[in-house]
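Trainee: Below you will find the structure I want to go over with you.
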Amino acid sequence: MDARAKVLFTQHQQTIFRRTDRLFALLLFLEFFFGIAVAYFISPLTWAGGQSSVHVHVWAAIFLGGTIVSLPIALALWNPGHVATRHVIAVGQMLYAGLLVHLMGGRIETHFIIFGSLAFFGFYRDWRVPITASAVVALDHFLRGTYWPQSIFGVLSPESWRWAEHVAWVVFEDIFIVVACRQSLKEMQEIAERRSFIEQVARERARDIAELEKVREDLGEALSAKDTFISICGHELKTPLTSMSLQTQLTQRTIRQGKEVSPERLGRVMDQTDHQVKRLLRLVQDMLDHSRVQMGRLDIYCEAVELRGLLVDVIERCQSEADAKGTTFHLLEGPLVWGRWDQFRLEQVATNLLTNSIKYGAGKPVEISVTGDGKTARICVRDQGLGIAPENLGKVFQQYERVGESKHISGLGLGLFITKGIVDQHGGKISVTSEFGVGSQFIVELPMELNHSVDGEGPSRSRREPYSEFIPAGRAPVLDPSPEASL
Ligand code: ADP
């Protein structure tokens, strides 16, 4: 039996013990009054000549009977279920049965109360209780059969073995009761085991249902996040496409009208188109990288890279976007930091952090530092912008998560997710500290030692465009739909 089945079995047994204790308390109580009534009706008075007084049987029924039943009744009421209680009840019930036999003059029919009581003890389903009761009966029959036979057998000189015959019948009944008790215990154990099993199955089902519910909720959230992402994507892709379509229509209209397009204006249109194309390219690149990170297929190709120089390049490329927002970059002085990393991907990391510091930096200065201690290289980007509320800090690296005020600023909510994917792939880590309304600090830590697990051959920088090529130069053009304004 497992532990739970044992508990259930014990609980069931206790319920039975308590219930049977109370049953016997009632039985003894009723027997007590029955004994007084029997004594009163059979031998109410004793005569000495013409003088009569209350018969000793009546006093015996009241006082001896009261003494016999009081302890078992008290224990049954105040300590039900205890092992001592049921054995005291067994002793009390059998002594009282013996008293009743005496009060009724040792009539053989009265002996049935002994057999009836034994059958009742079967209610306990504890085979030891009828044994205790039988021991009392055997002793009582032996002593009274030897010294006071009239009291128990109703005759003055019974056969010497008569007590043994009575006891033998008691033992005969005991055999059935003991067998029945043991069988009943076995059934109770089986019931407890089955209940324990059912409880376990129910618990497992409840756990499965909770897990399914969680999966359902997660799926619901994922679906709604996907929907939001698709609508943001659509919006982000539509803006540059609309702008380009407008430019093309305006140019076509000007040409159809036979007007001359000056080279400067044509150059401006080309610049604007280039700006929107780069914006589109970066969006598409982010979407592709997002699914690569999601599928764990973001490969990196390591080569010798100097991190400070890489940051200088990215700062330069982001400069016009920063100028448009009034943001100034301050790269702190420091030594060169060499390591083997994927140059293209680290440019992507730096670009994401710097463009975020422009987007969410409220036009305030941004401090950048690049350090290395031989083991770990650190890029730190600190802005003094919107900041991130403490409850949102954990969310910013998750896909599609856009928090706080930033929801009004254009973005897909993928940049930091991809950035984290790249840093993880390098065996590094990214963290953020922030104070809401004061600013944020993003720290990227990269292992400087050659890492065989991430090191690999791949397209070198010369074969891949630098990631910062995707950064659109300057402020996105504000379109004026009049052909004159544009051309
Ligand atoms: P996007 O900028 O396209 O929304 P990111 O993954 O780069 O996506 O950033 C996720 C979110 O983290 C942003 O929407 C913004 O709420 C928050 N965040 C990122 N960088 C900063 C920052 N420097 N200051 C404040 N919030 C930031």
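Trainee: Please enumerate the residues belonging to the range 348-363 that are under 21 Å from GLU333 (Cβ atoms) and either more than 12 Å from the ligand (Cβ to nearest atom) or in a loop (DSSP other than H, G, I, E, B) (or both).
Mentor: Correct list: ALA350 only.
Trainee: Name the residues in the range 330-346 that are more than 42 Å from the chain's Cα centre (by Cα) and not in a strand (DSSP E or B), would you?
Mentor: Residues satisfying the conditions are LEU332, GLU333, GLY334, PRO335, LEU336, VAL337, GLN343, PHE344.
Trainee: Taking the range 136-159 as the search range and keeping residues that are free of Cβ contacts under 8 Å to residues at least 12 places away in the same chain and more than 16 Å from LEU99 (Cα to Cα), which one is surrounded by the most Cβ atoms within 10 Å (Cβ to Cβ)?
Mentor: Per the stated criteria, the residue is GLU159.
Trainee: Taking the range 93-133 on its own, how many of its residues are in a helix (DSSP H, G or I) and either over 18 Å from ILE152 (Cβ atoms) or outside the structural domain of ILE16 (by TED's automatic domain parsing) (or both)?
Mentor: So the answer is 11.
Trainee: Hey, another quick one. What's the number of the condition SER369 fails, among (1) within 9 Å of the ligand (Cβ to nearest atom); (2) more than 38 Å from the chain's Cα centre (by Cα); (3) under 13 Å from GLN441 (Cβ atoms)?
Mentor: Evaluating SER369 over (1) within 9 Å of the ligand (Cβ to nearest atom); (2) more than 38 Å from the chain's Cα centre (by Cα); (3) under 13 Å from GLN441 (Cβ atoms) leaves (1) as the failure.
Okay, residues lined up against (1) over 30 Å from ALA192 (Cα atoms); (2) surrounded by fewer than 21 Cβ atoms within 10 Å (Cβ to Cβ):
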position	(1), (2)
ARG4	no, yes
GLN11	no, yes
ARG22	no, yes
LEU26	no, yes
SER53	yes, yes
ILE62	yes, yes
GLY65	yes, no
SER70	yes, yes
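Trainee: A further question on this structure: Residue by residue through the range 38-57, note down the ones that are among the hydroxyl-bearing types (Ser, Thr, Tyr) and modelled with pLDDT of 70 or more.
Mentor: Matches in the range 38-57: TYR40, SER43, SER52, SER53.
Trainee: Follow-up question, since we're still on this one. Please state which one of ASP342, ASP383 is within 20 Å of CYS318 (Cβ to Cβ), modelled with pLDDT under 95 and not aromatic (Phe, Trp, Tyr).
Mentor: ASP342
Trainee: Right, here's the next one. Hey, among ARG265, ARG297, ARG279, which residue is modelled with pLDDT under 95 and within 16 Å of the ligand (Cβ to nearest atom)?
Mentor: ARG279 is the lone residue from the list that is modelled with pLDDT under 95 and within 16 Å of the ligand (Cβ to nearest atom).
Trainee: Could you check the range 414-442 and list, in sequence order, the residues that are more than 7 Å from the ligand (Cβ to nearest atom), in a loop (DSSP other than H, G, I, E, B) and either closer than 20 Å to LEU386 by Cα or touching a Cys at 6+ places or on another chain (Cβ under 6 Å) (or both)?
Mentor: PHE436, GLY437, VAL438, listed by residue number.
Trainee: Looking only at the range 48-90, count how many residues are more than 17 Å from PHE33 (Cα to Cα) and assigned to a loop (DSSP other than H, G, I, E, B).
Mentor: Final tally of qualifying residues: 6.
Trainee: Could you check the range 110-147 and list, in sequence order, the residues that are on the phi > 0 side of the Ramachandran plot and out of contact with any helix residue (DSSP H, G or I) (no Cβ under 9 Å at 6 or more places or on another chain)?
Mentor: Of everything in the range 110-147, nothing turns out to be on the phi > 0 side of the Ramachandran plot and out of contact with any helix residue (DSSP H, G or I) (no Cβ under 9 Å at 6 or more places or on another chain).
Trainee: Any residue in the range 320-327 that is part of a loop (DSSP other than H, G, I, E, B), more than 15 Å from the ligand (Cβ to nearest atom) and in the same structural domain as HIS426 (by TED's automatic domain parsing)?
Mentor: Yes.
The values are calculated or read from the model by the stated rules, or taken from the named source; none is laboratory data. Keep in mind that this is a model prediction, so the values were computed, not measured. Glycine also receives a Cβ, built like all others from the backbone with ideal geometry; neighbour counts cover every protein chain displayed.
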